[in-house]
Amino acid sequence: MTNALAGAQDEAVPDFPMPRAAGCPFDPPPEMMKLHAEKPVSKVRLWDGSTHWLVTRYADQKALYGDQRLSVDTTRQGFPYLNEAFRETASKTPPSFLNMDDPDHARIRRMVTAPFAIKRIEAMRPAVQRMTDELIDAMLAGPKPVDLVEALTLPLPSLVICELLGVPYEDHDFFQSNSKVGLRRDVTPEDVRSSFGALFQYLDNQLDVKLADPADDMLSELAARMHAGDLTRLDATMLGILLLGAGHETSANMLALGLLAFLEHPDQLAIVRDTDDPKVLAGAADEMLRYLTVVHSGQRRLALADLEVGGQLIRAGEGVIIPGATGNWQDDVFPQPERLDVRRDARRHLAFGFGIHQCLGQPLARLELQVVYSTVFRRIPTLRRATELENIPFKDDGIVYGVYELPVTW
């Protein structure tokens with residue numbers, strides 16, 4: 001067994017997160033790509049001074065995603081926390097199934113898989129199309145310029161997840177403001193506890209509403225499973241929090257950042273605007289997912305046993321960070337990865353992760369991207385930025401990359 005990088009000097013360890021290059025808002029951080037080329041399994045230093053392994057190559061990443069010797073349990077000693085708030089709250093909040101290892105993870109995931117089945121999500125396409133058109137109608141009827149985030153890319157995923165879960169849309173400001181707290185790098189433990197407590201109480205109350213008056217929605221299904229004893233009340237509430245938060249924040253960022261990327265690549269925009277071929281639109285969504293990889297803080301794991309990755313020994317108790325952006329920009333997997341090419345077969349991308357913990361809501365995210373990317377440019381063919389690219393505020397400070405605002409006109 002080789003161990004070429006063992007004992008790396010701490011002073012040579014770069015910090016993570018690494019900033020993106022000025023003027024290249026869609027590219028992975030250049031220092032991360034440099035490590036990818038030179039040391040695809042290397043140490044990085046986190047905010048608290050701890051060092052963990054950064055694994056950047058596509059094949060290694062896929063192997064790690066499926067390796068049961070790696071844990072997602074954030075309560076374990078040595079886990080590579082994103083910030084102080086994550087560390088301080090890991091043992092003080094109930095576990096989410098995102099942070100469970102098998103068999104608990106598999107048991108709970110099975111109970112929420114059916115609502116995200118491809119056929120069931122595809123049946124929502126007319127409703128998602130209607131919501132998109134109504135938001136665009138309102139935008140076109142109002143003044144210019146307009147913030148596309150506020151007018152379209154944030155409210156649409158909120159509308160969709162509210163319909164899927166069965167929560168009142170008039171509460172969307174409440175859950176948006178609280179669910180986004182944990183996605184900031186600068187958040188405090190107090191902020192996280194406060195927002196979590198508010199969301200927990202809200203979803204716990206909603207379960208009572210669904211027990212008393214069930215409907216054809218996901219919260220009613222969770223409430224029924226809770227009543228039948230398949231889920232504890234705590235598990236059902238935590239699932240509701242997860243689905244409500246994750247169901248709109250990541251999609252909202254992908255929608256806005258993707259629309260901006262299309263505006264910067266008019267040749268690719270034209271392909272999406274001028275087609276009604278569902279295969280082309282599906283391919284365009286996957287290519288944008290590959291190109292942007294908005295979860296730019298990387299997936300985090302903790303080694304439970306010694307394992308070898310890329311010729312490097314990773315010991316039990318050491319943290320591992322898997323940045324999907326590097327795998328998605330690996331040129332022997334995706335030729336000319338820096339080129340946005342909606343005709344490319346990008347289905348192998350790692351934007352949703354891989355293996356048992358891959359994103360449960362990916363069929364819904366794909367549907368939203370397909371509908372919005374095609375509809376916006378078909379209905380507003382002269383859409384353009386209303387400010388210079390360097391003036392757009394990017395979310396460099398969060399777990400999920402995106403833009404805070406996207407001023408546009410037409």
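Nothing in this text is a laboratory measurement; each read-out follows from the coordinates by a stated rule. All figures in this text were calculated on a predicted structure; none of them were measured in a lab. All Cβ positions, glycine included, derive from the backbone under ideal geometry; neighbour counts span all protein chains shown.
Anyone know which of Ala151, Ala223, Ala285 comes out most mobile in the 10 Å Cα GNM of the chain?
Among Ala151, Ala223, Ala285, the largest mean-square fluctuation in the Gaussian network model of the chain belongs to Ala151.
Mind listing the phi-derived Karplus ³J(HN,Hα) values for region 113-128, rounded to whole Hz, using 6.51, -1.76 and 1.60 with θ = phi - 60°, and x for any glycine or proline?
6, 4, x, 9, 4, 4, 5, 5, 5, 4, 5, 8, 4, x, 5, 5
Dipole magnitude of the chain about its Cα centre, charges +1 at Lys/Arg Cβ and -1 at Asp/Glu Cβ only, in debye to the nearest 20? Let's see the in-between values first.
Details: 43 positive and 58 negative charges, 160 e Å.
My answer is approximately 760 debye.
Quick one: net charge around Asp67, please, counting Lys, Arg +1 and Asp, Glu -1 for every other residue with C-beta under 13 Å from its C-beta. Intermediate results must be reported in sequence, preceding the final value.
Numbers: positive: Lys62, Arg69, Arg301; negative: Asp60, Asp101, Asp102, Asp306, Glu308.
Once all neighbours under 13 Å are counted, the net charge is -2.
Arranged from highest to lowest average of other beta-carbon atoms within 10 Å per residue, in what order do the peptides 238-246, 351-359 appear? Write down the numbers at each step before the final one.
On the way: 238-246: 22.9, 351-359: 18.0.
Going from most to least packed, we get 238-246, 351-359.
Which is farthest toward the positive dipole end of the chain among Met218, Pro103, Ala85, measuring Cα position about the Cα centre, with Cβ charges +1 (Lys, Arg) and -1 (Asp, Glu)?
Pro103
Give the Rg (one decimal place) followed by the Dmax (whole number) of region 227-291, computed from C-alpha coordinates and expressed in Å.
For region 227-291, the Cα-based Rg and Dmax read 17.9, 54 Å.
By how many nm would the segment from Thr409 to Asp171 grow when fully extended, if each residue of separation counts as 0.36 nm and the alpha-carbon distance is taken off?
82.8 nm
Quick one: in region 251-410, what % of C-alpha pairs are over 26 Å apart?
On the way: 4066 of 12720 pairs.
For region 251-410, the share of Cα pairs beyond 26 Å comes to 32 percent.
Can you pull out the chymotrypsin sites (Phe, Trp or Tyr not before Pro) in region 47-105 that DSSP calls coil and that have at most 12 other Cβ atoms within 10 Å?
Values: sites: Trp47, Trp53, Tyr58, Tyr65, Tyr81, Phe86, Phe97; in loops: Trp47, Tyr81.
In loop regions of region 47-105 (DSSP not H, G, I, E or B), there are no sparsely surrounded chymotrypsin sites (Phe, Trp or Tyr not before Pro).
Quick one: the Cα spread of the chain along its three principal axes, in angstroms, biggest first?
Its Cα atoms span 62, 54, 37 Å along the three principal axes.
Non-local amide H neighbours of Glu318 (under 5 Å, H modeled in plane, Pro and chain starts lacking H): which ones?
Those qualifying (amide H under 5 Å, at least 5 residues apart or on another chain) are Ala303.
Among the listed pairs Lys279/Lys395; Lys119/Lys395; Lys39/Lys62; Lys34/Lys62, which are separated by more than 25 Å between their Cα atoms? Show your work: numbers first, answer last.
Working: Lys279/Lys395 31 Å; Lys119/Lys395 33 Å; Lys39/Lys62 17 Å; Lys34/Lys62 20 Å.
Those over the limit are Lys279/Lys395; Lys119/Lys395.
Pull out the extension gain between Gln358 and Asn205, defined as 0.36 nm times the separation in residues minus the alpha carbon to alpha carbon distance; nm, one decimal. Don't skip to the answer; put the middle values down first.
Values: separation 153, 0.36 × 153 = 55.08 nm, distance 2.91 nm.
That works out to 52.2 nm of additional length.
If Lys and Arg each add +1 and Asp and Glu each add -1, what is the summed charge of the other residues whose beta carbon sits under 14 Å from the beta carbon of Phe79? Provide the component values of the computation, followed by the final result.
Working: positive: Arg76, Arg87, Arg300, Arg301; negative: Asp48, Asp73, Glu84, Glu88, Asp101, Glu318.
For residues surrounding Phe79, the net value is -2.
Using 0.36 nm per residue, how much length does the chain from Arg45 to Arg110 gain when fully extended, once their Cα-Cα distance is taken away? Don't skip to the answer; put the middle values down first.
Details: separation 65, 0.36 × 65 = 23.40 nm, distance 3.62 nm.
So the extension gain works out to 19.8 nm.
Tell me which aspartates and glutamates have Cα within less than 19 Å of Lys210's Cα, excluding those fewer than 8 residues away on the same chain?
Glu163, Glu170, Asp171, Glu221, Asp230, Asp235
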